[in-house]
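The next block holds one structure in the form of structure tokens; read it before the comments.
The values are calculated or read from the model by the stated rules, or taken from the named source; none is laboratory data. Bear in mind the structure is a predicted one, so any value in this text is a computation, not a measurement. Using ideal geometry, Cβ is built from the backbone for each residue, glycine included, and neighbour counts are taken over all protein chains shown. For accessibility, only protein heavy atoms count, side chains too; no ligands or nucleic acids. Shrake-Rupley method; radii C 1.70, N 1.55, O 1.52, S 1.80 Å.
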2 protein chains.
Amino acid sequence: MARSSPPPLLFADTGTSSDQLYFSGVEVHDPFIAFGVGKRRLTLQSALEFGRVKKARTFDTVLPLEDWRARADARHPRRKAGVAEIIAEVSGHYRVRRFRVADDFPAALFIRLRELGLRLELADGPLFPEREIKSADEAKAIREGNRLSAIGLAAAEAALRGARRQGNRLMSGGRLLTSEDVKFAIESAILRGGGLSLSTIVAGGDQACDPHERGTGPLRPNELIVVDIFPRVVATGYFGDMTRTFLRGRASDAQRRLVATVREAQRAALKTVRAGVEGRAVHQQVLDTFAAAGYKTRRTKSGSVGFIHGTGHGLGLAIHEAPRLNSTAAVALKLGTAVTVEPGLYYPGLGGCRIEDVVQVTARAPKMLSNYHYEWELR
Amino acid sequence: MARSSPPPLLFADTGTSSDQLYFSGVEVHDPFIAFGVGKRRLTLQSALEFGRVKKARTFDTVLPLEDWRARADARHPRRKAGVAEIIAEVSGHYRVRRFRVADDFPAALFIRLRELGLRLELADGPLFPEREIKSADEAKAIREGNRLSAIGLAAAEAALRGARRQGNRLMSGGRLLTSEDVKFAIESAILRGGGLSLSTIVAGGDQACDPHERGTGPLRPNELIVVDIFPRVVATGYFGDMTRTFLRGRASDAQRRLVATVREAQRAALKTVRAGVEGRAVHQQVLDTFAAAGYKTRRTKSGSVGFIHGTGHGLGLAIHEAPRLNSTAAVALKLGTAVTVEPGLYYPGLGGCRIEDVVQVTARAPKMLSNYHYEWELR
């Protein structure tokens, strides 16, 4: 793709900025300067990080921060050189005076760099639009993330199956089985597998009706339990993201109809995902399925019920990235994009259900990047 | 403290922004709007987060994002209302036109809000300077973080003690004991304890000479092994941060002198930490101790050796926050501040050693917020 835009400039750490991780290819936990000069990638690193970053060989040039700070200090004798002065110094040396920066570039640095005469252009959309298109290696990394998600789902299923029913309780090892217990089973299995699962959701009953409630306290038999696992692969930084809804015991007819409808909506949505189709068309498919089955979405005094989130989102080095599959997504899906497909229905009293997989967009049926069965009623 | 500055405005998620977590007191994983009106705290939340955030009761007012988006859309019929238009709409309603924002406020949003007539002032320093002073509850949360660090150190020590020496190898369960094995032992113990340990360092031999190298592959007997553990307490978001350096086998005289000198430097630094003392004075104490013992810091072709990082940093909802203890820290330490004290020496061939604890600044000797023994030679 021809790019007339100027080279990128970043100042961020790789833990919080997926753009920085994408550009740098090496983890650094404090904010640092990185930029392009033509096709070359440069960074400034302190003595603390210099050797490690150099060894990673992901940058064409690693410059010692302390030297460039000293040069900037010499040019600005009246004030201590900050990040902006250092960037101005080094970019002047490389004769680059024009950069593109991300929407979320730090405002104070943006203003100071403009004062110093640099020409900064805010990227029109993502800083690296190519991040949306996943290479074969990236698709493999996302598959690996979902292999870890599946390990977590298996751990959750085993914990639920292994629990003993005692009236309205689920017991494990003589104690009440809790969301925390199941989360620990999931997260330690994923840790062993080489991933990190943060904010894992194991939410039963009405708790699951707040889709981002992580879940707490005893799990009950005969209740829908939403298990949403989005681990990061430590080695690559890529995410997996899968959800299944389980029930230990015997489901009611209403619960069965709910789960069947969500799965039907997911299948319908998956059939729609294809290069050239707009994200909102996929979302509409879910809305239509729910409407046809009579499930209504509405606001109540204590929050919204029904289908209260988007159908999916892009996935990669960030857990939520472009594109979105929701009512406002008027952009056509591109070949190679990886997206989650995760319809859900939430009704306090009845419970919540969400089923989520990840696919890669092709010209025909999407390629599944996640794999776990859909049995959910655990007798 | 009297504050003449305007109320804060934030647009960030709580996973990447510790300011947002501090202000909000509830985890939300996608960026959201939060701001002050006088002493009240307001936020806008989508249907997906609304109920959960409302239940947390940390905000005085939780507004439905969708309603305010619709109002902003109505006012700007020619363009889809973005975050800026929504902020302008809601702040207009509350008659607040002036906000202070952090240095790292997103540049694009900053510019658009100014175009919309809001007066934004970049905070002079941290957005919430009061974050540096830790309350009793915050000190307790950091202690809890360090209780988790100590659990991790104990797991590492047990793994090293439990290994069998076989010539130049450490064996465990019939396999070579690796950095990865020890990290898993640490991280799973911390997970069980209610914490998350990311980027745990278990680095032996020359690997430890890059202080941020996490460590990989087989660990060897008679080598210095740096174990640096900085877990986050899941329930509160506060961090612990402790380092010990172990050696399984028998240390050389040079290794013993290295470790003893680092510990001596830590003691000397700890004696200096007191309200009113500048961070650089604490750092100087370490430099003096190393100089007196003849340990030199210098740059080599493959990186720097000696004492190649600062003596410490503030700790709280962020792993690195104000203040710093380094050569440029010309600000007096404040009562109640929590800082790490972590001198280290690194010489490829000999190995690396770092010893790190956390203290709270008082008017006299600092209060220890971390606790683990200093035995390191594991026979």
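In this structure, is residue B:52 outside the structural domain of residue B:315 (by TED's automatic domain parsing) and open to solvent by 50 Å² or more (accessible area, probe 1.4 Å)? So that I can check it myself, show each step before the final result.
Working: outside the structural domain of residue B:315 (by TED's automatic domain parsing): yes; open to solvent by 50 Å² or more (accessible area, probe 1.4 Å): no.
So residue B:52 does not fit the description; no.
Quick one: residue B:44 ticks every box in (1) closer than 30 Å to residue A:214 by Cα; (2) more than 14 Å from chain A (Cβ to nearest Cβ); (3) surrounded by fewer than 21 Cβ atoms within 10 Å (Cβ to Cβ) except a single one, so which number is it?
(3)
Condition check: under 18 Å from residue A:365 (Cβ atoms) and touching a residue at least 12 places away in the same chain (Cβ under 8 Å). Does residue A:258 satisfy that?
no
From A:320, A:309, which residue is within 14 Å of another protein chain (Cβ to nearest Cβ) and in contact (Cβ under 8 Å) with a residue 12 or more places away in the chain?
Details: A:320 fails: in contact (Cβ under 8 Å) with a residue 12 or more places away in the chain.
After ruling out the rest, the residue left standing is A:309.
On the given criteria, is residue B:227 of a type in the set (A, V, I, L, M), away from chain A (no Cβ under 14 Å), touching a Lys or Arg at 6+ places or on another chain (Cβ under 6 Å) and within 23 Å of residue A:235 (Cα to Cα)? It would help to see each step written out before you state the result.
Values: of a type in the set (A, V, I, L, M): yes; away from chain A (no Cβ under 14 Å): yes; touching a Lys or Arg at 6+ places or on another chain (Cβ under 6 Å): yes; within 23 Å of residue A:235 (Cα to Cα): yes.
Yes, satisfied.
Return a yes/no flag: does the stretch B:88-107 have any residue that is surrounded by fewer than 19 Cβ atoms within 10 Å (Cβ to Cβ) and among the hydrophobic types (A, V, I, L, M, F, W, C).
No, that holds for no residue.
Kindly provide the set of residues from the stretch A:108-125 that are under 25 Å from residue A:360 (Cβ atoms) and surrounded by 17 or more Cβ atoms within 10 Å (Cβ to Cβ), ordered by number.
Going through the stretch A:108-125, the residues under 25 Å from residue A:360 (Cβ atoms) turn out to be A:123, A:125.
Matches in the stretch A:108-125: A:123 only.
Check off (1) within 10 Å of chain A (Cβ to nearest Cβ); (2) open to solvent by 20 Å² or more (accessible area, probe 1.4 Å); (3) not charged (D, E, K, R) for residue B:236 and give me the number that stays unchecked.
Failed condition: (1).
Are there any strands (runs of 3 or more DSSP E) wholly within the stretch B:290-379 with 3 or more residues that are within 30 Å of residue B:19 (Cβ to Cβ), open to solvent by less than 10 Å² (accessible area, probe 1.4 Å) and of a type in the set (A, V, I, L, M, F, W, C), and if so which? It would help to see each step written out before you state the result.
Numbers: elements: B:298-300, B:303-305, B:312-314, B:321-325, B:338-341, B:344-347, B:351-354, B:357-360.
In the stretch B:290-379, B:338-341 are the strands (runs of 3 or more DSSP E) which contain 3 or more residues that are within 30 Å of residue B:19 (Cβ to Cβ), open to solvent by less than 10 Å² (accessible area, probe 1.4 Å) and of a type in the set (A, V, I, L, M, F, W, C).
If the Cβ limit is 6 Å and pairs must be 6+ apart or interchain, which residue in the stretch B:49-64 that is within 14 Å of chain A (Cβ to nearest Cβ) pairs with which residue that is hydroxyl-bearing (Ser, Thr, Tyr)?
Sorted first by the residue in the stretch B:49-64, then by its partner, the pairs are B:62/B:43.
Only one of B:90, B:96 is away from every other protein chain (no Cβ under 14 Å) and touching a helix residue (DSSP H, G or I) at 6+ places or on another chain (Cβ under 7 Å). Can you tell me which? It would help to see each step written out before you state the result.
Values: B:96 fails: touching a helix residue (DSSP H, G or I) at 6+ places or on another chain (Cβ under 7 Å).
B:90 is the lone residue from the list that is away from every other protein chain (no Cβ under 14 Å) and touching a helix residue (DSSP H, G or I) at 6+ places or on another chain (Cβ under 7 Å).
How many residues are within 11 Å of chain A (Cβ to nearest Cβ) and crowded, with 16+ Cβ neighbours inside 10 Å if we restrict to the stretch B:67-80?
Going through the stretch B:67-80 one residue at a time, the tally reaches 1.
I'd like to check something: does the stretch A:182-199 contain any residue that is away from every other protein chain (no Cβ under 14 Å) and open to solvent by 10 Å² or more (accessible area, probe 1.4 Å)? Before you say what the answer is, go through the steps one by one.
The initial filter retains those residues of the stretch A:182-199 that are away from every other protein chain (no Cβ under 14 Å), namely none.
No.
Could you list, in sequence order, the residues of the stretch A:129-171 that are open to solvent by less than 50 Å² (accessible area, probe 1.4 Å) and outside any helix (DSSP H, G or I)?
A:134, A:163, A:170, A:171
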